[in-house]
1. Using Cα-only point scatterers and the Debye equation, what is log10 of I(q)/I(0) for the range 218-267 at each q in 0.18, 0.19, 0.21, 0.25 Å⁻¹, rounded to two decimals?
2. Please list Glu244, Glu131 in order of solvent-accessible area, largest first, computed with a 1.4 Å probe with all protein chains present.
3. Would you tell me the accessible area of Arg70, worked out with a 1.4 angstrom probe on the heavy atoms of the protein chains, in Å² to the nearest 10?
4. Let me check I've understood the local charge: for Leu214, count other residues with C-beta under 11 angstrom from its C-beta, Lys and Arg +1, Asp and Glu -1. What total comes out?
5. Provide the per residue accessible area, probe 1.4 Å, for the range 235-288, rounded to a whole number of square angstrom.
6. How high is the relative contact order of the range 99-172, in percent, with contacts defined as C-alpha pairs under 8 Å that are six or more residues apart?
7. Could you pull out every one of the aspartates and glutamates with an alpha carbon less than 16 Å from that of Lys151, ignoring same-chain neighbours closer than 8 positions?
8. How many angstrom lie between the Cα centre of the range 129-200 and the Cα centre of the range 207-273?
Amino acid sequence: MVPARNLPDQIAAARSLAARLPQLVDESRRMATALRSGLHGNRKVGPGSDFWQFRPYIAGDPTGQIDWRRSARSDKTYIRQTEWQASHTYWIWPLFGMSSFWASDAKGPPKADRMMVIALALADLLLRNGETVGAFDPPHSRITVHDQLAKLGHAMLAAPSDMDAGGNNIHPGRRHTVLIVGDFLEFAPLERAPAPILRRLVHNQNDGALIQVLDPAECTPDFAGRIDFTNTNDTVIFRSEKFEDLRAEFIHRSRKWRGRIRDAAMASQWLYDQHITDQSPSQTLLALYQHITERPVRSGKTTASPPNAGHRP
């Protein structure tokens, strides 16, 4: 439920977002670079060459695998064997529903722009760390190099725009990580909640996070006078003749709705964090990146430690 102010046509807004994609890719790369410079000593997970054991050299072995230091301490020549460490797959799903293109202030960024920047900046960090990043477009596109961020952005635009409607068609595999970025306004009615979708994802031992991106007016509105509230079909569902008399109740209901999203994430041991578009996304991005790279992935019956609840609504 959003006030009927600056609500754009969804198709035109999506095309506009696609046209701005090169600019958003550049912004996300700058943000990822700034954050990466401060991640000293962060554990890296990905394709690598962890030491396994030494074994005697056999004719035909690549000479580049000879460990000369170990061989110098013996009469034999030794090969340094390594154990392959596979990269982890992260699925990033920004929800570009109609409400994501709305902004209460024409000078501020729409939620969709900020969602794309967070998604691509996180993808850049993960790809440079040797991981695989995918989107939930029909072919389930996956990339392994950061030079293909624009391709990933277009794939994100082709993914389902509604978590409730599209969640049943999402198949991320097993023991992957799913990161969902959206405003989750489709779950504003009390009878709707993301819990069933999250339970299905968790059933496949997938870790994840919900990042709720909101306009400042959706938390602490500054409206006054007559305000119309519309649904995503641009139909007026509530009209206030004097909104200032309802502001306290609006803030209470908004806090309660965000609390239900947070509780659904935490019940599945997923991270929940909240980002407001009039703030810098750096803090949210850093918390999300550190959480998903430092937290152990679900395995068998082992459960991960309880996640940080992020910003409390």
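The values are calculated or read from the model by the stated rules, or taken from the named source; none is laboratory data. The structure displayed is predicted, hence computed values, not measured ones. Counting neighbours? That spans all protein chains shown, and the Cβs are built from the backbone with ideal geometry, glycine included. With ligands, DNA and RNA removed, areas are computed over all heavy atoms of the protein, side chains included. Shrake-Rupley method; radii C 1.70, N 1.55, O 1.52, S 1.80 Å.
1. Summing over Cα pairs of the range 218-267 leads to -0.67, -0.72, -0.82, -0.97.
2. On the way: Glu244 70, Glu131 5 Å².
I get Glu244, Glu131, largest accessible area first.
3. Estimated to the nearest 10 Å², Arg70 gives 60 Å².
4. Taking every Cβ under 11 Å from that of Leu214, the sum is -1.
5. For the range 235-288, the per-residue accessible area is 51 Å².
6. Here the relative contact order equals 21 percent.
7. Counting by Cα, and skipping residues close in sequence, Lys151 has these aspartates and glutamates nearby: Asp26, Glu27, Asp124, Asp137.
8. Between the Cα centre of the range 129-200 and that of the range 207-273, the gap is 22 Å.
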